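Take a look at the structure below.
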Amino acid sequence: MNRISFFMMMLLVVLVTSIKAQKTITNFDTNKMNTFISALMNKMTVDEKIGQLNLPGAGDITTGQAKSSDIATKIRAGKVGALFNIKGVDKIKAVQKIAVEEGRLKIPLLFGMDVIHGYETVFPISLGLSCTWDMAAVERSAQIAAKEASASGICWTFSPMVDIARDPRWGRIAEGSGEDAYLGTQIAKAMVKGYQGDFSSNSNILACVKHYALYGAAEAGRDYNTVDMSRIRMFNEYFPPYKAAVDAGVGSVMASFNEVEGIPATGNKWLMTDVLRKLWGFNGFVVTDYTGINEMVDHGMGDLQTVSALALKAGIEMDMIGEGFLTTLKKSLTEKKITIADINAACRRILEAKYKLGLFQNPYKYCDESRVVKDVYTAENRNEARKIASQSFVLLKNEGNILPLKKTGTITLIGPLANSRQNMPGTWSVAARFSEAVSVLDGIKQVAGDKIKINYALGSNLDYDPAFEERAGMYSEGSKRDERPASEIINEALAAASNADVIVAAVGESSEMSGESSSVTSIEIPRAQKDLLQALLKTGKPVVALLFTGRPLALKWENENIPAILNVWFGGSEAGAAIADVLFGDVNPSGKLTTTFPQNIGQVPIFYNHKNTGRPLEDGKWFQKFRSNYLDVSNEPLYPFGFGLSYTTFSYSDVSVSDTTLTGNQNLNAVITVTNTGNYDGWEVVQLYIRDVVGSITCPVKELKGFRKIFLKKGESKKITFKITPEDLKFYNYQLQYNWEPGDFNIMIGSNSRDLKIKKINWKK
C-alpha cells in the first residue's frame with residue numbers, strides 16, 4: 001500500500017471521531033437553522049450567493065458616508081457578505097441598516113477586525129502573552145478583547161494567530177505563541193474559548209484561527225516566502241495548534257499566504273478540504289488573507305478567473321479584498337469550471353456563521369451604544385492588562401541581585417523607548433489609544449511617586465540610519481528622531497546619569513520593527529543603542545536593561561556585560577505601570593521564554609525540540625571534529641526555551657515515578673518536589689518533557705508534554721504530580737498514522753528545557 005493510500009485510509013478512520021470532536025459554537029437548533037437557510041437560499045440569485053462570499057474593506061468610513069459610498073451600493077445589491085476594520089457602533093449600525101433594511105433579502109453583514117491582543121485595552125503582544133504560561137490569563141485577555149470589540153460593533157476577530165515560528169528573522173513571530181506545538185495548542189484553545197464562549201451573550205465574537213497553514217516556516221524568515229516541509233513535520237510540529245482551535249469549535253479559519261507542497265494555501269484542496277474538513281471535521285468557513293486569491297496570479301497559478309475558481313474548488317468560502325469571486329465566479333459557472341453546488345456550499349457556510357452568531361434574529365445584536373462607556377477601556381480592564389503584562393516579562397539576568405530596585409535615591413531613565421507611549425502597545429494594535437498608553441517614565445512616576453528622584457534623557461535614536469527607522473515605522477508615528485549629533489545625545493544622557501544610584505536603559509526594537517512585513521537579517525540591538533549601553537557601562541554605575549522586542553534577539557554581548565536584563569516585550573496599554581511593578585518588586589517576575597534565544601544569527605533556526613543527527617555532539621562539549629557543531633560558537637542557545645529567572649530561587653528534587661515498567665493503557669505518575677529557597681514569594685512554571693528514545697521515525701531530543709504554574713511562599717515546598725498516559729506518547733509515523741510505540745522513554749521535569757531532572761522508564765504495549 002503506498003503512502004497516499006495510507007493517508008486516505010487514515011482519513012476514513014479518523015473522520016467520524018474528528019467530526020464528533022469539534023464542539024458546536026453555540027446551543028441552537030441545527031434542524032431549524034438548516035430549514036431557515038435552505039428557504040433563504042431558495043430565494044437567492046446566483047449573484048446574491050456570490051455576494052455573500054465577498055469581504056471588501058470599507059476603511060473606517062465616517063458617519064454619513066454609509067449611504068453614499070460605493071460600498072453602500074454593493075451592499076444594497078447583495079454583493080457584500082462582510083466588512084472589516086470599521087470601528088464604532090454608529091458607523092457599523094448605519095452600514096448594517098443598509099443591509100437589513102434596504103437589501104432585497106435583508107441578510108445581515110459580518111463586521112471583522114484585527115483584534116489580535118486586545119481592543120482599546122491592549123494586552124502584551126501574543127509572543128509576550130505566551131510567556132505567562134497562564135492559560136486562565138490568556139483566556140481572560142481574549143474575553144476582555146471580545147467584550148470591548150463587541151461593544152464597538154465588531155462580531156468577528158482575525159485571531160488567534162497560532163503559527164509555529166522558529167526563525168526570529170520573521171517579524172510575525174511577535175503575533176504567535178512561539179516555537180512549541182504543545183504550548184501552542186493550549187493557547188489556541190484558551191483564545192478560542194475566550195473570544196467565542198457559547199455565544200449566549202452579545203459579548204462573544206467569532207474567532208478566526210490563522211494562518212492556515214505553516215506560515216511561520218517561511219524560508220529565510222522573509223515574510224510571505226515559500227514554505228516546504230514533509231507531511232510528517234507538518235502533522236507533528238506545525239499542525240497541532242490549528243487542529244486544537246478546530247477542536248475547540250473555532251468558527252472560521254484564515255488561509256495563509258505561502259504555498260504548501262507547491263500549491264498556495266489559498267488554492268490547496270488537500271489542505272482546505274482533505275485535512276481541515278474531512279480529517280479534522282471543521283464545520284465553519286474559510287476566509288482568505290488580504291488579497292490572497294489575487295496573489296495566486298503572481299505565484300504562477302493562472303489569471304484571476306482561474307485562481308478564483310481554484311480557491312473555491314479548494315474549499316475557500318470568503319474572498320478578502322480581492323473581489324476575484326465577485327467578478328469571475330459567475331463566468332466560471334457559465335463555462336462549467338465550477339458548479340452551482342460549489343457556490344451553494346460556500347454561501348451556506350457564511351449564512352450558518354451569521355445564524356450561529358444570532359444576527360438573523362437580531363442584526364443589531366452588537367450595536368448597543370450604551371455598552372461603549374461601560375465595557376470599553378474601563379479601569380477594570382486596564383488593571384487586568386497591567387496584571388497580565390507583569391506576568392509576561394522575562395528576567396534574563398540579575399547579577400548581584402540589582403533587581404528589584406529600591407524606592408529611594410535617584411534613578412536615571414535613558415533610552416529611545418523610555419518615554420514613548422506610541423511604542424508600548426506593540427504591533428497589530430489597531431484600536432489602541434496610543435496617546436493614553438503608559439510609558440516607562442509614566443509608570444515609574446506612578447509606582448514610585450515622590451519617593452525617588454527620576455532623571456530622564458533620550459540617550460540615542462533607535463538607529464543611526466534614518467531610512468531604516470522610516471521603513472520600520474511607516475505605519476505608525478513611532479519614535480521621533482532627534483536630529484542632534486549622536487555624541488551630543490549620549491553626552492546629555494551621561495550628564496543625567498552622573499548622580500544616579502542606578503541607570504535604567506529602555507532599549508531594543510520599536511513596535512513596528514516586528515510584525516507583518518518586518519523581517520530582518522540582523523537580530524541584534526541596533527548599533528546606536530549598543531553604543532549608548534557601552535557608554536552607560538563606563539560610568540561604573542549599575543545598569544538595568546529593559547528590553548523591548550517582538551522577537552528573540554541575539555544578546556551575547558549584552559548578557560556578558562549588562563548586570564540585569566528584563567525582557568518586557570511590548571506590554572500593551574499599561575506596559576509602563578507593569579514594568580515599574582516588576583522593577584520595584586511589587587510583582588516578582590515569572591515569565592518563561594516560549595522561543596529559544598540564539599547566541600548569534602548564524603545559529604538560526606534554533607529550537608529546543610530538535611532531532612539528533614547521526615553524529616551528535618557529546619554532552620558538555622563545544623567542538624569535536626566530524627561532529628555536528630560549529631567552529632566559532634557552541635551549539636547551545638543563549639537562553640533556552642522555558643527559561644526565566646525570578647527574584648527568588650527554586651530547587652527541584654529528583655524525579656520519582658509510580659513505576660519504571662508499564663504495559664498498555666496504564667497511567668504513569670511522575671512526581672517532583674519544588675522548593676522556594678530564596679527570600680521572596682514567587683511563581684514558578686514546572687515543565688514536563690518526554691523523549692521517545694527509539695522510534696520508527698527519528699524523534700526530538702525532548703518534547704514539552706505538560707506544565708504547572710505554581711505559587712510558593714519563601715521556604716515553601718510543593719509536590720507536583722504529572723499524570724502521563726499513552727496519549728502523551730503519540731505521534732504521526734511515516735504512514736501518517738497517529739499512535740504510540742513501545743520502548744524506553746526519558747521523563748524530564750525542570751524549570752526550563754535545559755535544566756531538567758531525568759528518569760527513564762519502559763512502556764510496553
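Within the range 230-289, work out how many residues are of a type in the set (Asp, Glu) and under 21 Å from the mean Cα position of the chain (by Cα).
4
Of all residues being outside any helix (DSSP H, G or I) and hydrophobic (A, V, I, L, M, F, W, C) in the range 70-95, which is farthest from PHE325 (Cα to Cα)? Just the residue, please.
Step by step, filter the range 70-95, then rank; the result is ILE86.
Can you name every residue in the range 180-213 that is over 26 Å from LYS730 (Cβ atoms) and part of a helix (DSSP H, G or I)?
Within the range 180-213, GLY194, TYR195, GLN196 meet the criteria.
Check the range 406-414 and report whether any residue there is part of a loop (DSSP other than H, G, I, E, B), under 27 Å from the mean Cα position of the chain (by Cα) and on the phi < 0 side of the Ramachandran plot.
No, every residue in the range 406-414 fails to be part of a loop (DSSP other than H, G, I, E, B), under 27 Å from the mean Cα position of the chain (by Cα) and on the phi < 0 side of the Ramachandran plot.
Scan ALA379, ALA385, ALA345 and give me the residue that is crowded, with 24+ Cβ neighbours inside 10 Å and hydrophobic (A, V, I, L, M, F, W, C).
On inspection, the qualifying residue turns out to be ALA385.
Quick check: anything in the range 569-578 closer than 18 Å to ILE402 by Cβ and either surrounded by fewer than 24 Cβ atoms within 10 Å (Cβ to Cβ) or out of contact with any Cys (no Cβ under 9 Å at 6 or more places or on another chain) (or both)?
No: zero hits.
Select the strands (runs of 3 or more DSSP E) contained entirely in the range 658-765, then report the ones holding at least 1 residues which are under 26 Å from GLY585 (Cβ atoms).
Per the criteria, 668-676, 682-692, 703-712, 717-724, 743-750.
Looking at SER177, SER150, SER141, SER159, which is the one that is under 30 Å from LYS91 (Cα atoms) and assigned to a loop (DSSP other than H, G, I, E, B)?
None of the other options fit; the residue is SER159.
For the range 610-643, name all the residues that are at pLDDT 95 or above and at positive phi.
PHE626, GLY642 - these are the residues of the range 610-643 that are at pLDDT 95 or above and at positive phi.
If I ask for residues that are under 21 Å from HIS117 (Cβ atoms) and out of contact with any Gly (no Cβ under 7 Å at 6 or more places or on another chain), which ones from the range 205-223 would you list?
Residues satisfying the conditions are ILE205, CYS208, VAL209, LYS210, HIS211, TYR212, TYR215.
May I ask you to verify whether LYS611 is over 20 Å from ALA418 (Cβ atoms) and over 20 Å from the mean Cα position of the chain (by Cα)?
When the stated conditions are applied, LYS611 passes them.
With the structure loaded, tell me whether LEU555 is of a type in the set (A, V, I, L, M, F, W, C) and out of contact with any helix residue (DSSP H, G or I) (no Cβ under 9 Å at 6 or more places or on another chain) or whether it fails that test.
Criteria met by LEU555.
Each row is one residue, and each column tells you yes or no for (1) under 20 Å from VAL693 (Cα atoms); (2) polar (S, T, N, Q).
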{"site": "PHE607", "(1), (2)": "yes, no"}
{"site": "SER628", "(1), (2)": "yes, yes"}
{"site": "ASN635", "(1), (2)": "no, yes"}
{"site": "VAL655", "(1), (2)": "yes, no"}
{"site": "ASN676", "(1), (2)": "no, yes"}
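Take the conditions in contact with a Lys or Arg (Cβ under 7 Å, 6 or more places away or on another chain), at pLDDT below 95 and of a type in the set (Lys, Arg) and apply them to LYS451. Does it pass?
Yes, satisfied.
List the number of the failed condition for LEU403; all other conditions in (1) part of a helix (DSSP H, G or I); (2) closer than 25 Å to THR596 by Cα hold.
(1)
ASP319 versus (1) in a helix (DSSP H, G or I); (2) under 16 Å from PRO56 (Cβ atoms): which is the lone unmet condition?
(1)
Checking ARG371 against (1) of a type outside the set (Asp, Glu); (2) part of a loop (DSSP other than H, G, I, E, B); (3) crowded, with 19+ Cβ neighbours inside 10 Å, only one condition comes out false. Which one?
Condition (2) is where ARG371 drops out.
The values are calculated or read from the model by the stated rules, or taken from the named source; none is laboratory data. All values derive from a computational prediction rather than experimental measurement. Methodologically, a virtual Cβ is constructed for each residue, glycine included, from the backbone with ideal geometry; neighbour enumeration extends over all protein chains shown.
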